[in-house]
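The values are calculated or read from the model by the stated rules, or taken from the named source; none is laboratory data. This structure is a prediction, so every number in the text was calculated from the model and none was measured. Glycine also receives a Cβ, built like all others from the backbone with ideal geometry; neighbour counts cover every protein chain displayed. Note: areas computed on protein heavy atoms with side chains; ligands, DNA, RNA excluded. Shrake-Rupley method; radii C 1.70, N 1.55, O 1.52, S 1.80 Å.
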There are 2 protein chains.
Amino acid sequence: MRTIVQKFGGTSVGSIERIQHVANTVIRAYEEGMSIVTVVSAMGHHTDELVDLAKQINPDANKREMDMLLSTGEQVSISLLAMAIQAKGYKAISLTGWQAGVQTESIHSNARINHIDTTRIQQFLNEDYIVIVAGFQGISSENEITTLGRGGSDTTAVALAAALKAERCDIYTDVTGVYTTDPRMVKAASKLSYVSYDEMLELAALGAGVLHPRAVEFAKNYQIKLQVRSSQIDEIGTFIGEDIEMEQQTVVRGIAFESDITRMTLNGLFNRVDLLPSIFTLLAREGIDVDIIIHSVTSDNLVNLSFSINSVSMIHAIKLLEDNKEQLGYVSIDVEGELAKVSIVGSGMVSNPGVAAKMFQYLGEQGITIKMVSTSEIKVSTVISKTDLEKAVHALHSSFELDSISKLQVVEK
Amino acid sequence: MRTIVQKFGGTSVGSIERIQHVANTVIRAYEEGMSIVTVVSAMGHHTDELVDLAKQINPDANKREMDMLLSTGEQVSISLLAMAIQAKGYKAISLTGWQAGVQTESIHSNARINHIDTTRIQQFLNEDYIVIVAGFQGISSENEITTLGRGGSDTTAVALAAALKAERCDIYTDVTGVYTTDPRMVKAASKLSYVSYDEMLELAALGAGVLHPRAVEFAKNYQIKLQVRSSQIDEIGTFIGEDIEMEQQTVVRGIAFESDITRMTLNGLFNRVDLLPSIFTLLAREGIDVDIIIHSVTSDNLVNLSFSINSVSMIHAIKLLEDNKEQLGYVSIDVEGELAKVSIVGSGMVSNPGVAAKMFQYLGEQGITIKMVSTSEIKVSTVISKTDLEKAVHALHSSFELDSISKLQVVEK
């Protein structure tokens, strides 16, 4: 029997009407003769309401109790979805994380999945049930309810697809697929019919919430084919899998961007073995994500160190660095806020050496100054002034000929 | 270590403020040096809200999925109560029904507890945790979440007290104890310091929700001492245990009553072996509870059969009986609605033969006609006109000298 795992996020099951709609979508796939396992998140704002209740009682609530509380959210949505499917005359059964055999680390609020014991799911699939599984949650070896943290339901879905050797994992979301860039900024943005795992990881920043990077990595490791598609409109979405030759002709697949970047530069550092670890461990421990790092050493063994962070962490980072000035041994800090990052992404780049140069040229033609550069095999990122962002994205999207991408590319089935 | 099981109902944990108040009550008992296991219900109207959601999706929702849905209610309240206790600096841990080892029959929405595996609770008690257990829910041998139906949380508490060999089970509720009659009707009603299990069973009708009969029976079977007390006011409540000699001096302990009774009489029945089973199985199968049954056979082997039901079931019962007229073989049905039942309750009655006669006399003095009578070892019930109910309750409460009961009776510790 061919099995498909589907995942519906909180917005998709945010109301009774939407749950009914999801039930129809699930039944349509079932009627195509597939075995269906559907993973759902908590209803819309349900999780926020529970978090709010907890905060009123204990602003610094115990993580174990938070998992106990928050895991009720998915338990509500799985039972309602099962009822909705049953009301339409189909066999459905809901399973919590622990009932579905989702075994995790003994860590609360951010556990990783160790293993999925699919015995029970398989048994219900064999009896022709549509199986509804609570996303985001699992059980530890001590029989404690755990949650998987951000992107948890996506991860549950992909992990189930791997454990069940499913043909595909369909991620239903509020967009119709993965675009060449954010359609809200560039009207000419077009939906990609296919992207590789690596491209998806780099493009994730394009639409926050489309698909969590953790789930993409999981899918890549277990070679699970994904499809990102709309929960509202019934059309084929974007497929995600390994690189396929045919697609390589389009070198740049998408333009990703991020605003609210701050660049920090530490001056007068003396180069020593523990310099970088001590600085970046300090920031990581406080939850400050560092993105681009530029590190160069002058002839007199002094270091120029610049790095970019999200602007929301700016004040926090400055305070942290100042508090540790003596230990770190720098002379001064330069801070430049109001920056943005724009990236070109594409698996074909690795075999097309001139792509980065073209990017710099296109930006230069627009009079845009580049403040930082970072490259990877499938991505070139530049940090520019925030006021230049929109102009840069439009220019790159059009210059790399993404405006004209056919919406009817070859679709991997 | 002395263990006490406490139970707080939905009203007691109906808001953040009330949960904080419950946390203080729990901590007070803990500070007295007791091991504490606290059973809680779902927050106030939470269950109703969930039922409403389900009804919108499927008015005839699957019981298994209803259990999945409704069991989230207690899971929310146990985690919030644990957080509240932790916020006050005490060790607390919440456990769902399945985590607490509450093993039930494989029946949904109305399962009975088979066994409680207290290993995990005991482990946490040994580590000085206050253990918070979700009431009303358990797990079947197939690892399905089950619920215990009406009075479920009371039953969970009493069953835990039995399994843990607890010293006592305190039922916290919105009244300060068990009264000689409903204080809303009779101002002179007074709180009983002690009642026996059997009396409590008969008095249960006095205040619906004070303590579920099922829990009282459980307590009687396992000889668990109960205390019904207020969750709002810190005072000693009513203790419930086996009969004690001292209390027998007061023959009548309380006046129970119920309005909205309908009497139905079937005329012209021919007496045959399967007559009573066929009539009452018919009613029971449709969920119609029959209370008093009066059955007499005349010399020519004809039967006069009267029984009382709650008036809400009247239409339903008439239709049912008419639909089966031929099979049952009666000639006509008489129906009298707008009736009420008033009962005197007391363990001492069995050794005081004149009590029933006194009751009839007191009612007769008020000009009240008795329509039906039913007696048990510790209760005499009469069915009268609904318009006579208030007069009857007052007369009996005063004639049996309950108005003057001392509020300072001997308290069983």
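Among the residues that make up the stretch B:67-81, is at least one of them surrounded by fewer than 21 Cβ atoms within 10 Å (Cβ to Cβ), among the small types (G, A, S) and farther than 20 Å from A:L80 by Cα?
Looking only at the stretch B:67-81, we keep the residues that are surrounded by fewer than 21 Cβ atoms within 10 Å (Cβ to Cβ), and these are none.
For the stretch B:67-81, residues surrounded by fewer than 21 Cβ atoms within 10 Å (Cβ to Cβ), among the small types (G, A, S) and farther than 20 Å from A:L80 by Cα: absent.
Only one residue in A:A42, A:A100 is touching a Phe, Trp or Tyr at 6+ places or on another chain (Cβ under 8 Å), assigned to a loop (DSSP other than H, G, I, E, B) and open to solvent by less than 10 Å² (accessible area, probe 1.4 Å). Which one? First the steps, then the outcome.
Numbers: A:A100 fails: touching a Phe, Trp or Tyr at 6+ places or on another chain (Cβ under 8 Å).
Just one listed residue meets the conditions, A:A42.
Restricting to the stretch B:245-304, count the residues that are of a type in the set (G, A, S), more than 17 Å from B:I315 (Cβ to Cβ) and out of contact with any strand residue (DSSP E or B) (no Cβ under 8 Å at 6 or more places or on another chain).
Initially, the stretch B:245-304 is screened for residues of a type in the set (G, A, S), giving B:254, B:256, B:259, B:268, B:278, B:284, B:287, B:296, B:299.
From what is left, the residues that are more than 17 Å from B:I315 (Cβ to Cβ) are B:254, B:256, B:259, B:268, B:278, B:284, B:296, B:299.
Add one more test, that the residue is out of contact with any strand residue (DSSP E or B) (no Cβ under 8 Å at 6 or more places or on another chain), and what stays is B:278, B:299.
Of the residues in the stretch B:245-304, 2 are of a type in the set (G, A, S), more than 17 Å from B:I315 (Cβ to Cβ) and out of contact with any strand residue (DSSP E or B) (no Cβ under 8 Å at 6 or more places or on another chain).
Among the residues of the stretch B:14-37, how many are open to solvent by 20 Å² or more (accessible area, probe 1.4 Å) and among the hydroxyl-bearing types (S, T, Y)?
Total meeting the criteria: 2.
Can we say B:T11 is in a loop (DSSP other than H, G, I, E, B), open to solvent by 10 Å² or more (accessible area, probe 1.4 Å) and β-branched (V, I, T)?
So B:T11 fits the description; yes.
Looking at (1) at pLDDT below 95; (2) outside any helix (DSSP H, G or I); (3) surrounded by fewer than 16 Cβ atoms within 10 Å (Cβ to Cβ); (4) more than 9 Å from chain A (Cβ to nearest Cβ), which one does B:E49 not meet, given that it meets all the others?
(2)
Out of A:I85, A:I78, A:I107, which single residue is farther than 14 Å from A:S153 by Cα, hydrophobic (A, V, I, L, M, F, W, C) and at the interface with chain B (Cβ under 10 Å from one of its Cβ atoms)? Steps first, please.
Details: A:I78 fails: farther than 14 Å from A:S153 by Cα; A:I107 fails: at the interface with chain B (Cβ under 10 Å from one of its Cβ atoms).
Just one listed residue meets the conditions, A:I85.
Return a yes/no flag: does the stretch A:161-174 have any residue that is open to solvent by 10 Å² or more (accessible area, probe 1.4 Å) and either within 14 Å of chain B (Cβ to nearest Cβ) or free of Cβ contacts under 8 Å to residues at least 24 places away in the same chain (or both).
Checking the stretch A:161-174: not a single residue is open to solvent by 10 Å² or more (accessible area, probe 1.4 Å) and either within 14 Å of chain B (Cβ to nearest Cβ) or free of Cβ contacts under 8 Å to residues at least 24 places away in the same chain (or both).
Just need a number here: residues in the stretch A:156-175 that are over 23 Å from A:I85 (Cα atoms), under 16 Å from the mean Cα position of the chain (by Cα) and at pLDDT 95 or above. Before the answer, list the steps.
Step one: list which residues in the stretch A:156-175 are over 23 Å from A:I85 (Cα atoms), which gives A:159, A:162-163, A:165, A:175.
Among the residues that remain, those that are also under 16 Å from the mean Cα position of the chain (by Cα) are: A:159, A:175.
Still in the running and at pLDDT 95 or above: A:159.
The number of residues fulfilling the criteria is 1.
So, in the stretch A:330-361, exactly how many residues are open to solvent by 40 Å² or more (accessible area, probe 1.4 Å), outside any loop (DSSP other than H, G, I, E, B) and touching a residue at least 24 places away in the same chain (Cβ under 8 Å)?
Adding up the residues that qualify gives 9.
Quick check on this structure: which one of A:L275, A:L302, A:L282, A:L226 is without any contact (Cβ under 8 Å) to a residue 60 or more places away in the chain and open to solvent by less than 20 Å² (accessible area, probe 1.4 Å)?
Numbers: A:L302 fails: open to solvent by less than 20 Å² (accessible area, probe 1.4 Å); A:L282 fails: open to solvent by less than 20 Å² (accessible area, probe 1.4 Å); A:L226 fails: without any contact (Cβ under 8 Å) to a residue 60 or more places away in the chain.
Checking each option against the conditions leaves just A:L275.
From the set of residues in the stretch B:88-97 that are more than 7 Å from chain A (Cβ to nearest Cβ) and open to solvent by less than 10 Å² (accessible area, probe 1.4 Å), which is nearest to B:D154 (Cα to Cα)?
Looking at the filtered set, the residue picked out is B:G97.
Just checking, how many residues over the stretch A:176-228 are among the aliphatic types (A, V, I, L, M) and more than 14 Å from the chain's Cα centre (by Cα)?
From the stretch A:176-228, those among the aliphatic types (A, V, I, L, M) are A:178, A:185-186, A:188-189, A:192, A:195, A:200-201, A:203-206, A:208, A:210-211, A:215-216, A:219, A:224, A:226, A:228; that's our starting set.
Those still in the list that are more than 14 Å from the chain's Cα centre (by Cα) too: A:185-186, A:188-189, A:192, A:195, A:224.
Counting residues in the stretch A:176-228 that are among the aliphatic types (A, V, I, L, M) and more than 14 Å from the chain's Cα centre (by Cα) gives 7.
Could we say that A:D243 is of a type in the set (D, E), under 22 Å from A:V380 (Cβ atoms), surrounded by fewer than 19 Cβ atoms within 10 Å (Cβ to Cβ) and at pLDDT 85 or above here? Working first, answer last.
Numbers: of a type in the set (D, E): yes; under 22 Å from A:V380 (Cβ atoms): yes; surrounded by fewer than 19 Cβ atoms within 10 Å (Cβ to Cβ): yes; at pLDDT 85 or above: no.
No: the conditions fail for A:D243.
As an exercise: evaluate B:N324 against (1) within 30 Å of B:E167 (Cβ to Cβ); (2) of a type outside the set (G, A, S); (3) open to solvent by less than 40 Å² (accessible area, probe 1.4 Å) and give the number of the one condition it does not meet.
It is condition (1) that B:N324 fails.
For the stretch B:118-151, give me each residue that is closer than 25 Å to B:L69 by Cβ and in a loop (DSSP other than H, G, I, E, B).
Within the stretch B:118-151, B:G135, B:F136, B:S140, B:S141, B:E142, B:N143, B:E144, B:L148, B:G149, B:R150, B:G151 meet the criteria.
So how many residues does the stretch B:369-383 have that are in contact with a Phe, Trp or Tyr (Cβ under 9 Å, 6 or more places away or on another chain) and assigned to a loop (DSSP other than H, G, I, E, B)?
1
If a residue has to be touching a residue at least 12 places away in the same chain (Cβ under 8 Å) and either under 16 Å from B:N271 (Cα atoms) or open to solvent by 20 Å² or more (accessible area, probe 1.4 Å) (or both) to count, how many in the stretch B:305-319 make the cut?
Start the filter on the stretch B:305-319 by keeping residues that are touching a residue at least 12 places away in the same chain (Cβ under 8 Å), which leaves B:305-314, B:316-318.
From the residues that got through so far, the ones that are either under 16 Å from B:N271 (Cα atoms) or open to solvent by 20 Å² or more (accessible area, probe 1.4 Å) (or both) too are B:305-306, B:310-314, B:316, B:318.
Number satisfying all stated conditions: 9.
Go through the residues of the stretch A:128-142 one by one and say whether even a single one is open to solvent by 20 Å² or more (accessible area, probe 1.4 Å), among the acidic types (D, E) and within 11 Å of chain B (Cβ to nearest Cβ).
yes
Taking the criterion of being of a type in the set (G, A, S) and either under 25 Å from the mean Cα position of the chain (by Cα) or more than 9 Å from every other protein chain (Cβ to nearest Cβ) (or both), would at least one residue in the stretch B:52-71 satisfy it? Please lay out each step first, then the result.
Step one: filter the stretch B:52-71 for residues of a type in the set (G, A, S), giving B:54, B:61, B:71.
This time we only want the ones that are either under 25 Å from the mean Cα position of the chain (by Cα) or more than 9 Å from every other protein chain (Cβ to nearest Cβ) (or both), so: B:71.
Scanning the stretch B:52-71 turns up at least one residue that is of a type in the set (G, A, S) and either under 25 Å from the mean Cα position of the chain (by Cα) or more than 9 Å from every other protein chain (Cβ to nearest Cβ) (or both).
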